[in-house]
Amino acid sequence: MRAINSFNNIWLGWSPLKQPSSSRPKALVLRVNKDASTLQHYTYLAQRTPPVPVKLTVDLGGEFLWVDCDTGFKSSTKTTVPCRSPQCELSGSNVCTSNGIDEFCSEFPYNPFIKTSSGGDFSQDVLYSQSTDGNNPGELVSVPKFLFSCASTSLLEGLENRAVGIAGLGRNKVSIPSLFSSAFSFPRKFALCLSSSTNPDAAGVVFLGDGPYVFLPGIDMSQSLTYTPLILN
């Protein structure tokens with residue numbers, strides 16, 4: 001099953017000069033491709049000021065967004081989350097670091113492909129994504145202080161070429177679906193269709209938020225999905 005053709009244009013025409021919409025979308029959409037060498041699925045989000053498209057490996061169990069902050073990271077709007085702040089508590093982190101004057105929240109980004117984690121500053125910066133009505137991509141929207149963790153360049157080992165981090169889609173409160181849901185007040189859920197092909201034109205999609213989830217030939221898959229509650233132990 002393939003995503004509707006119009007979603008194949010997501011990000012291809014993205015311009016950092018285009019101002020994001022201030023409206024509240026009911027859902028977001030991410031284009032997802034499959035890498036031929038690693039067979040990992042990857043997507044793009046735009047982050048920072050000025051905005052830069054960042055390539056991210058998708059991790060369905062990832063706890064949060066993390067990116068390499070050691071190599072080439074420049075942003076005038078990035079700030080580090082203070083220790084014992086509401087944002088730090090939201091992450092569940094109980095580790096802080098100090099520069100001798102202030103204390104900052106720390107997290108431990110994890111690379112599941114090499115089964116390695118490292119410490120990094122828990123931070124926030126502007127993040128952009130594509131809105132959707134479920135049929136077609138809509139306006140670009142932004143979250144001014146989207147939470148993420150910095151990581152060292154060494155943690156990129158094993159990721160798809162040119163990926164600078166991981167897009168965590170897990171269940172916790174600071175995952176990408178949770179933070180977008182909180183920012184735009186839509187349901188904390190997502191649906192995805194991943195392509196088995198490594199052809200760049202054969203993209204899959206991730207829908208964040210409410211349906212419809214329309215796929216070729218015009219079928220709304222949200223009407224035929226079944227849901228099973230998950231019990232946490």
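The set of residues in the range 92-116 being closer than 15 Å to Ala167 by Cα and open to solvent by 60 Å² or more (accessible area, probe 1.4 Å) consists of Phe108, Tyr110, Phe113.
Scanning the range 177-222 for residues that are within 11 Å of Leu28 (Cα to Cα) and not in a loop (DSSP other than H, G, I, E, B) gives Pro177, Phe180, Ser181, Phe184, Phe190, Ala191, Val205, Val206, Phe207, Leu208, Gly209.
Only one of the listed residues (Thr49, Thr43) is more than 25 Å from Ser195 (Cα to Cα) and either in contact with a Lys or Arg (Cβ under 8 Å, 6 or more places away or on another chain) or in contact (Cβ under 8 Å) with a residue 12 or more places away in the chain (or both). That residue is Thr49. Remark: pairs (first residue in the range 125-141, at positive phi; second residue buried (at least 20 other Cβ atoms within 10 Å of the Cβ) and assigned to a strand (DSSP E or B); Cβ separation under 6 Å; 6+ apart in sequence or on different chains) = Gly134/Val214.
Can you tell me which residues in the range 165-223 are within 25 Å of Ile114 (Cβ to Cβ), open to solvent by 50 Å² or more (accessible area, probe 1.4 Å) and hydroxyl-bearing (Ser, Thr, Tyr)? Those that are within 25 Å of Ile114 (Cβ to Cβ), open to solvent by 50 Å² or more (accessible area, probe 1.4 Å) and hydroxyl-bearing (Ser, Thr, Tyr): Ser196, Thr198.
In the range 138-154 there is no residue that is open to solvent by 40 Å² or more (accessible area, probe 1.4 Å), out of contact with any Leu (no Cβ under 6 Å at 6 or more places or on another chain) and in a loop (DSSP other than H, G, I, E, B). Restricting Val81, Val67 to those that are under 30 Å from Leu39 (Cα atoms) and crowded, with 16+ Cβ neighbours inside 10 Å reduces the list to Val67.
Only a single item in (1) open to solvent by 10 Å² or more (accessible area, probe 1.4 Å); (2) under 13 Å from Gln47 (Cβ atoms) is not met by Ser129, and it is number (1).
Give Ser129, Ser117, Ser75 a once-over and let me know the one that is under 24 Å from Thr198 (Cα atoms), out of contact with any Cys (no Cβ under 8 Å at 6 or more places or on another chain) and hydroxyl-bearing (Ser, Thr, Tyr). Outline the logic, then answer.
Details: Ser117 fails: under 24 Å from Thr198 (Cα atoms); Ser75 fails: under 24 Å from Thr198 (Cα atoms).
Result of the check over Ser129, Ser117, Ser75: Ser129.
The values are calculated or read from the model by the stated rules, or taken from the named source; none is laboratory data. Everything numeric in this text was worked out from a predicted model, so none of it was measured. Note that we place each Cβ from the backbone using ideal geometry, even for glycine, and neighbour counts take in every protein chain shown. Surface accessibility is based on the protein's heavy atoms, side chains included, excluding ligands, DNA and RNA. Shrake-Rupley method; radii C 1.70, N 1.55, O 1.52, S 1.80 Å.
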